[in-house]
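K.L.:
Encoded as structure tokens, here's the structure I'll be asking about.
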Amino acid sequence: HEETLTYDLHKKAFVFPKETENSYVSLKTQLRTPLKAFTVCLYFYTELARTHSYSIFSYATKQQPNEILIFWSKGKGYIFGVHGKQVLFQSPENTQAPTHICASWESTSGIAELWVNGKPRMRKSLEKGAILGTEASIILGQEQDAFAGGFDRNQCLVGDIGDVNMWDFVLSPEEINAVYLGSTLSPNVLNWQALNYEAKVISSFCGSFGKLFSNTI
């Protein structure tokens, strides 16, 4: 079934209970100006890290399906993509516990950062000078190889995802730490506590996100 909802999802999460190519959540936002910087923060929980790769956050435009991509690559670590280019943040396998990540990028410097559970990884250089499109398809649970489509069940997330927030600027280290500890800091692109989304799910699944979240679909 499909339905469009706008909700305060505080203390809730989306649950993807099984491997599929057609279960996902589409997040809606109204961007008026192209993105020259951003920060995305979220929690996720999965047991897939040792078995296969999976998409965590996929932001596509009609011109570029990998405008923003956060992806776990089995045996390697986190892939962070901007405007079709990617950098790898090497990381050990995820523990079987909720993981908090923040990814940020700024066009002028080209600096890309990744924070995992409140701790920064080494900064990388990525797509300096790029400007990101506003007509976006933002998908949780699947990786887009085309605008709003091109899904591959071998890249889907099986698990929980929540507290997805996005800003059109780079958060400071102090702000990222505050978000990790539970602050919201008024996200102005995607706000988990005022979220417009469309859920495409095969079945409902009741469960909890560690001790942090309860199920929403």
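K.L.:
Filtering the stretch 97-116 down to residues that are on the phi < 0 side of the Ramachandran plot and in a loop (DSSP other than H, G, I, E, B), which residue is nearest to the chain's Cα centre (by Cα)?
P.N.:
Residues of the stretch 97-116 on the phi < 0 side of the Ramachandran plot: 97-109, 111-116.
Then keep just the ones that are in a loop (DSSP other than H, G, I, E, B); that gives 97-98, 107-109.
Values: A97: 17, P98: 14, S107: 19, T108: 23, S109: 22 Å.
Per the criteria, the residue is P98.
K.L.:
With the condition kept exactly as written, say whether any residue in the stretch 49-60 is small (G, A, S), under 17 Å from Q142 (Cα atoms), surrounded by fewer than 22 Cβ atoms within 10 Å (Cβ to Cβ) and in contact with a helix residue (DSSP H, G or I) (Cβ under 7 Å, 6 or more places away or on another chain). Give the steps one after another, and end with the answer.
P.N.:
So in the stretch 49-60, the residues small (G, A, S) come out as 49, 53, 55, 58, 60.
Cutting the leftovers down to under 17 Å from Q142 (Cα atoms) gives us 49, 53, 55, 58, 60.
From the residues that got through so far, the ones that are surrounded by fewer than 22 Cβ atoms within 10 Å (Cβ to Cβ) too are 49, 53.
Adding the requirement that they be in contact with a helix residue (DSSP H, G or I) (Cβ under 7 Å, 6 or more places away or on another chain) leaves 53.
So far as the stretch 49-60 goes, yes, one or more of its residues are small (G, A, S), under 17 Å from Q142 (Cα atoms), surrounded by fewer than 22 Cβ atoms within 10 Å (Cβ to Cβ) and in contact with a helix residue (DSSP H, G or I) (Cβ under 7 Å, 6 or more places away or on another chain).
K.L.:
Identify the residue in the stretch 91-105 that is among the small types (G, A, S) and surrounded by 22 or more Cβ atoms within 10 Å (Cβ to Cβ) and, among all such residues, is nearest to Y45 (Cα to Cα). First the steps, then the outcome.
P.N.:
Here is the first cut: in the stretch 91-105, the ones among the small types (G, A, S) are 91, 97, 103-104.
Filter again for surrounded by 22 or more Cβ atoms within 10 Å (Cβ to Cβ), leaving 103-104.
On the way: A103: 17, S104: 21 Å.
Ranking the candidates gives A103 first.
K.L.:
Checking V164 against (1) at positive phi; (2) in a strand (DSSP E or B), only one condition comes out false. Which one?
P.N.:
(1)
K.L.:
Let me ask something additional. So for the stretch 115-129 (the condition being among the aliphatic types (A, V, I, L, M), in contact (Cβ under 8 Å) with a residue 60 or more places away in the chain and either more than 27 Å from D160 (Cα to Cα) or surrounded by 15 or more Cβ atoms within 10 Å (Cβ to Cβ) (or both)), does at least one residue qualify?
P.N.:
no
K.L.:
Something else about it: Checking the conditions here, which among L88, L69, L42 is surrounded by fewer than 17 Cβ atoms within 10 Å (Cβ to Cβ) and assigned to a strand (DSSP E or B)?
P.N.:
On the way: L69 fails: surrounded by fewer than 17 Cβ atoms within 10 Å (Cβ to Cβ); L42 fails: surrounded by fewer than 17 Cβ atoms within 10 Å (Cβ to Cβ).
Exactly one of L88, L69, L42 is surrounded by fewer than 17 Cβ atoms within 10 Å (Cβ to Cβ) and assigned to a strand (DSSP E or B), namely L88.
K.L.:
Could you run through the stretch 117-160 and say how many residues are of a type in the set (K, R) and outside any strand (DSSP E or B)?
P.N.:
First, pick out the residues of the stretch 117-160 that are of a type in the set (K, R): 119, 121, 123-124, 128, 153.
Add one more test, that the residue is outside any strand (DSSP E or B), and what stays is 121, 123, 128, 153.
Count: 4.
Per-residue answers, yes or no, for (1) at pLDDT below 95; (2) in contact with a Ser or Thr (Cβ under 6 Å, 6 or more places away or on another chain); (3) of a type in the set (S, T, N, Q):
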| position | (1), (2), (3) |
| --- | --- |
| I139 | no, yes, no |
| L171 | no, yes, no |
| A178 | no, no, no |
| T184 | yes, no, yes |
| A199 | yes, no, no |
| C206 | yes, no, no |
| G210 | yes, no, no |
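K.L.:
What are the residues in the stretch 100-136 that are hydroxyl-bearing (S, T, Y) and more than 15 Å from L35 (Cβ to Cβ), if any?
P.N.:
Step one: list which residues in the stretch 100-136 are hydroxyl-bearing (S, T, Y), which gives 104, 107-109, 125, 134.
The answer is S125, and nothing else.
K.L.:
When residues of the stretch 74-85 are filtered for being surrounded by 17 or more Cβ atoms within 10 Å (Cβ to Cβ) and in contact (Cβ under 8 Å) with a residue 12 or more places away in the chain, how many remain?
P.N.:
Residues flagged as surrounded by 17 or more Cβ atoms within 10 Å (Cβ to Cβ) and in contact (Cβ under 8 Å) with a residue 12 or more places away in the chain within the stretch 74-85 amount to 6.
The values are calculated or read from the model by the stated rules, or taken from the named source; none is laboratory data. For clarity, every value in this text was computed on a predicted model and none was experimentally measured. Note that each Cβ is placed from the backbone with ideal geometry, even for glycine, and that neighbours are counted across all protein chains shown.
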